[in-house]
Structures are given as C-alpha cells and as structure tokens.
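What follows is calculated from the coordinates using simple rules that are stated; it is not laboratory data. Because the structure is a prediction, the values reported are computed rather than measured. When we count neighbours, we look across all protein chains shown, and the Cβ atoms used for this are built from the backbone with ideal geometry, even at glycine.
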Amino acid sequence: MNIQIAQFDPLSVETDALILPITSADKKPMFTAAISEIDVAVGGELTRFASDTNYAAKRGASLAYATAGRLPARRVILAGVGAEPVTSENLRRAYGAAVSAARDAGAKSVHLALPETNSVQAAEAAAEAALLATYRFTTYYGKARAEDPPLKEIENLTISDGPDIAAAVARGQARANAITLTRDLANEPASVLHPVEMAARAQAVAEANDLEITILGPAEMESMGMGAILAVGKGSAIEPRMIHLVYRPNGANKSDRSIGIVGKCITFDTGGYSIKPYEGMLEMKGDMAGGAAVLGAMSALRALDCPHTVHAVICAAENMISGEAFRPGDILTAMNGVTIEILSTDAEGRLVLADGLVYCSKQGVQEMIDLATLTGAIVVALGDGTCGLFANDDPLADRILAAAGAAGERMWRMPLTEELNDQIRGEVGDIKNTGGRGGGAITAALFIKHFAEGLPWAHLDIAGCNRTTKPSAYTPKGATGWGTRTLIDYLVPGAE
Ligand code: BES
Ligand code: MN
Ligand code: ZN
C-alpha cells in the first residue's frame, strides 16, 4: 500500500472508497459538514442507511455505503471515532477499522479525509492505523497458494493535505514501521529467528538508524560473569547473544536523561528438561516478543527525534534440551554475584533478564524498563490483552501507565508483595527461580527485582498480549507487536 498526501474534494473525487471520520454524541452519529454535503448529493440515502442499520459511530465501528453511481466515489465509509474527547487511540481504531473494511470490499484506491479539528493528530493516527490494519505476514506463502484468488490489497491510500500534514503522516509511518518490525520478528519461525539471526536483525536496525551496537557471545558473557543467560542457552545448537544498542539524540531538543530498556528474547521455549506439554509449547516461537518490542521501538527513535539517550539490551537465547543443557538442581551465578537455584528450567525468562538488567544498570542509565513474555500466571490474573506492570518506583509506574494509555495498550499495575519473597528464598543458594503456585507473576517479578541494582525499575509481563487469535481494529491475528507503542509513547514526548 502506497500512502500519498493530496487535496481532494469528497464530492467529486473518483475513488473506490472514501473514508470520512465521524464522532458520536448521545449514541447518535454527528454528521460533519462534509458528510452532510454527501448526504444531500445522494438524496438523503446516507442518513436513511445509517438509521436503518442503527449506526451509532461507536469507536472503531465503520459503515460502508455503496453510492451506486450517485457520487464519483464508489463507496463512502464512515469511520466511527466514538464520543468526545477525540484521542489518538480513538482515531487509530476508527481509521484502522475503516481501512480494513475498504480493503475487504476490494478497494484498490482509497481516499481518506481528516476531521476539521485535530487534523494533524488524525493524520498521524490514520497513517499508523492504515499500515497496521493491513499488516499480513506472507513470507512463507508458497506454491500451494498460487491458484487461490490474489489477496486483496489497497494500492493507493490518499490522505487529505493541509498544514503540517506531511510531517504527521511521516511520524505515523515511522511508528507503524516499528510495530511491523516487531510483528515480523515474532511471526518468524524459531528455525529462522534464532539468537544469532536476532543479532543480525539488530545490526541492520543499528546501521539504518545510526545506533551503536555491541553483540556479546558466550566468550564475552563468560568473562563478564553472565552465568544465568549462559546456562539457559547451553542446550541449544545455536549460541546465545546479549545484544546492546545505544541511541544517542542529536539536535536541539537533547535531554540529559538516559533510559534502559531490556527485552526477554527466548527465540524458542521448550521448557528445557522441565519440558512443556504439547499445548504449552505451541506458541513458544513468540517467547522473544519482549526483545522484538525493544528492537521495534529502537528502530523508530531516530525518525521520531527522541530527546533521550536510550540503551537497549536484548537477552537472546534458545531454551532447548541436549546433553549440554542446564538442569533442575543446578546453581548459577548471575552477573551481580547473586546465586540462583534452578527448580524449573522452564522459568528461564527471569534468568536471561537477570544478566540483561545487571549489564544494563552498568551503562549509566537512570531507570530501567523490562518487557517479557514471562508467566502464564499473569494471563490467569489479568486475562488476555492486559499487560501486568510491576515497579519499585511510583513516578516511573505512573509515567508508564500514562504512556500505555496513550498507546491504547491495556495495562494494570500489580503489587510487589514483599512477604512473597519467602517463596523464592534459596535453600542452598541465594534465591530459587520459581516460587510455587500462589502469585506466580509476582514471585517472578520479585525475582527480577534482585537484579535492578537499586535503580528505578519497571517490569512489563506481556505473556497475555504478544499474540492474538481475535483480530481488532488495527491488530490482525498473530503477533500484535505489543509494547512497541507504549515504549515509543514513553520515550518520545508528544509522539502520541
Ligand atoms: N515463556 C513462558 C511464559 C508464557 C506462557 C508466555 C504462556 C506466553 C504464554 C515462561 O518461560 C514460562 O515457561 N513460565 C512458567 C514459569 C513457571 C515454571 C514458574 C509458567 O508460566 O508456567
Ligand atoms: Mn519457560
Ligand atoms: Zn519463556
């Protein structure tokens, strides 16, 4: 899909689909001047159609009206923004749903109009949502699909022009590209996207965005004392990698803040010798989604002119079984000297994060945020589609919750219940890597807290958010790219 910007008149533009935003009040659609003019041109049919179908312009609800020759545009698609206040998330849902409806109706050319107010914000949201809503992972569609009808694809999307619109569309595209990268990485099979390949993809992002990159292999990890990630990676034929990227701002709006973001990147999680059952292993190619979100966010910081220094640490390993693999009962020493008793080799995410966080804390950062598909327990606690936030610092937690709200990523703060530390107290070492049945997401977070090195730290457990089987306005099935938008809205003020 090619995005362009041009002025057009909704009444005379020749297009397959004309998308117009519409808000609602008192559960009724509020016709804008442009929509009313179209309604007049089609003899009041649009009003009648909207009322016959009980169209209420709810957020993310679109109404497709076929003009049947009454207008040069073949279809008018109303994009429901919902009630006031108009937010970027509401606009993304409105435009995302409308663009998918246009595509599914077979439209090749689409014209998208902006609201009269908030048009710059809307242009950014429209570009982002249009790209995300039409996302597909088709890398492995092969010969057997050759005889199927070709996939429906919008060829040209024209966004209406105006002051500052081009820059806003460019920002929306940069955001969408970041989330697309995150989704692509998490959709790749583990045979392709292993730790060494992840490092290669990070290298490409670094080169394209003028980021510094250091990639640590087993020898470097050994010399730094990273006994935890090394143990997790030992059972795999492919070596682990600790991937460290640095974004340094240039230009006038440079701040003196330095922020660390750390991602769990288990490219496949069999569970190791504490092996997962069939069902539990099915989606474990996606156990690298935290690392993917971190890399996705890093890929957008230059284009969005982030003012802060950002250190990204991606802890990449594959949790496999072999004669070399680590075992229950093993005792590991993490980079900060804390010793860890292994009860379950399936609680591997917290192990790679331990070394990743300690390493990150030594880079001069003032705070750290980690993202990880860490526990099944967070899905039990919060259900699908809500991320659990744990933090040892209230202002940091509040800032992240605000960013998640702007990003439209559902997040709920969880407690770091001190008393539950008893559950992970070690018998023969300092701490155990699992804490029993109760509060599984909390004991996992308490474990990681031992590696925050006293810095303000937040942990995002995204196990229930990284993939979906239920498509929504601008998120199709499969990898969602979760966390990328929250990170971008956190790191780039006003990016929302
Ligand atoms: N990668 C899993 C967590 C997970 C579960 C992610 C479901 C996405 C969907 C993690 O490594 C894991 O296996 N956690 C264990 C921890 C347990 C052994 C303490 C779990 O949640 O069962
Ligand atoms: Mn596991
Ligand atoms: Zn895992």
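Rg(Cα) of the range 81-151 divided by 2.2 N^0.38 Å? Write out the running numbers ahead of the final one.
On the way: Rg = 15.2 Å, N = 71, 2.2 N^0.38 = 11.1 Å.
That works out to 1.37 for the range 81-151.
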Taking other Cβ within 10 Å of each residue's Cβ, how do HIS111, HIS450 sort, fewest first?
HIS450, HIS111
Would you kindly work out the equivalent ellipsoid of the chain from its C-alpha gyration tensor and give its semi-axes, the square roots of five times the eigenvalues, largest first in whole Å?
45, 22, 21
Going by average Cβ density within 10 Å per residue, which order do the peptides 273-281, 181-189, 310-318 take, highest to lowest?
310-318, 181-189, 273-281
For the pair GLU220 and ILE321, how long in nm is the line joining their label points, each one 7 Å along Cα→Cβ?
3.3 nm
Rounding to the nearest 20 debye, state how big the charge dipole of the range 91-156 is about its Cα centre with +1 on each Lys and Arg Cβ and -1 on each Asp and Glu Cβ.
200 debye
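Which three numbers, in whole Å and largest first, are the semi-axes of the equivalent ellipsoid of the range 213-321 derived from its Cα gyration tensor as √(5λ)? Show your work: numbers first, answer last.
On the way: eigenvalues 194, 56, 15 Å².
Equivalent ellipsoid of the range 213-321: 31, 17, 9 Å, largest first.
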Using alpha carbon positions and the Kirkwood radius, the Rg to Rh ratio of the range 318-430 is 0.99
Built amide H within the under 5 Å cut-off of MET320, gap 5+
GLY235, SER236
Measure off 7 Å from each Cα along the Cα-to-Cβ vector at ASP161 and LEU455, then give the distance between these two points in nanometres to one decimal.
4.6 nm
Ordered by residue, what ³J(HN,Hα) values in Hz, to whole numbers, does the range 138-154 give under the Karplus form 6.51 cos²θ - 1.76 cosθ + 1.60, where θ = phi - 60° and Gly and Pro are x?
10, 3, 10, 6, x, 4, 5, 8, 4, 8, 5, x, x, 4, 5, 9, 6
From DSSP H assignment alone, runs of 4+ in the chain each adding -39500 (n - 2.57), the sum over residues rounded to the nearest 500 puts [θ] at 222 nm at -10500 deg cm²/dmol
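Please work out the FRET efficiency for the pair GLU116 and LEU151, using the Cβ-Cβ distance as r and a Förster radius of 30 Å; give the result to the nearest 0.05. Kindly include the intermediate steps, with their values, before the conclusion.
Values: r = 35 Å, r/R0 = 1.17.
The pair GLU116/LEU151 has a calculated efficiency of 0.30.
For ALA144 and SER472 in one chain, what is 0.36 nm times their gap in residues minus the Cα-Cα distance, to one decimal in nm? Numbers along the way, then the final one.
On the way: separation 328, 0.36 × 328 = 118.08 nm, distance 2.82 nm.
Separation in residues times 0.36 nm, less the Cα-Cα distance, equals 115.3 nm.
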Take SER361, SER255 and order them by how many other Cβ atoms sit within 10 Å, fewest up front.
SER255, SER361
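With contacts defined as alpha carbon pairs under 8 Å and 6 or more residues apart, what's the relative contact order of the range 360-421 in percent?
Details: 37 pairs, mean separation 18.2, N = 62.
So the answer I get is 29 percent.
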Report ³J(HN,Hα) in whole Hz for each residue of the range 282-296, in order, from the Karplus equation J = 6.51 cos²θ - 1.76 cosθ + 1.60 where θ = phi - 60°; Gly and Pro get x.
3, 9, 7, 5, x, 6, 10, 5, x, x, 5, 5, 5, 5, x
Calculated FRET efficiency for the pair ALA56/LEU11, C-beta based, R₀ 30 Å, to 0.05
0.75
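In the neighborhood of VAL81, defined by Cβ-to-Cβ distances under 11 Å, what is the net charge if each Lys or Arg adds +1 and each Asp or Glu adds -1?
Values: positive: LYS58, ARG59, ARG92, ARG93; negative: GLU84, GLU89.
Residues close to VAL81 contribute a combined charge of +2.
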Applying a 10 Å radius around every beta-carbon, put 288-296, 262-270 in order of their mean neighbour count, most first.
288-296, 262-270
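Among rounded, prolate and oblate, which fits the range 127-187 when a ≥ b ≥ c are the square roots of the eigenvalues of its C-alpha gyration tensor, a/c under 1.5 means rounded, and a/b larger than b/c means prolate?
On the way: a/c = 4.77, a/b = 1.75, b/c = 2.72.
In terms of gyration-tensor shape, oblate.
Magnitude of the Cβ-charge dipole of the chain, K/R +1 and D/E -1, about the Cα centre, nearest 20 debye?
Details: 43 positive and 58 negative charges, 191 e Å.
Computed about the Cα centre, the dipole is about 920 debye.
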I want the local charge near ILE165. Using Cβ-Cβ distances under 15 Å, sum +1 for each Lys or Arg and -1 for each Asp or Glu among the other residues.
-4
Could you give the length gained on full extension between SER191 and SER344, defined as 0.36 nm per residue of separation minus the Cα-Cα distance, in nm?
52.7 nm
So if each residue of separation counts as 0.36 nm, and I subtract the Cα-Cα distance between ARG257 and TYR278, what length gain in nm does that give?
3.0 nm
Go through the range 18-26 residue by residue and turn each phi into a ³J(HN,Hα) via Karplus (6.51, -1.76, 1.60, θ = phi - 60°); whole Hz please, and just put x for glycine and proline.
10, 9, 10, x, 8, 9, 10, 9, 6
Label the range 32-182 by shape, choosing from rounded, prolate and oblate, from the square roots a ≥ b ≥ c of the eigenvalues of the Cα gyration tensor; if a/c is under 1.5 it is rounded, and otherwise prolate applies when a/b is larger than b/c, oblate when it is not.
oblate
Tilt of helix 440-449 relative to the longest C-alpha principal axis of the chain, in degrees (0 to 90, nearest 10)?
70 degrees
How long are the three semi-axes of the equivalent ellipsoid of the range 395-495, in whole Å, if each is the root of 5 times an eigenvalue of the C-alpha gyration tensor, listed from largest down?
30, 18, 10
Return the FRET efficiency for the residue pair ASN250, GLU419: r is the Cβ-Cβ distance, R0 is 51 Å, and the value is rounded to the nearest 0.05.
0.60
ASP305 label point, 7 Å along Cα→Cβ, cut-off 19 Å on backbone N: hits in the range 150-169?
162-169
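THR134: net charge of surrounding residues, Cβ under 9 Å, Lys/Arg +1, Asp/Glu -1, itself excluded? Walk me through the intermediate numbers first.
Numbers: positive: ARG103, ARG136; negative: GLU153.
Here the count lands on +1.
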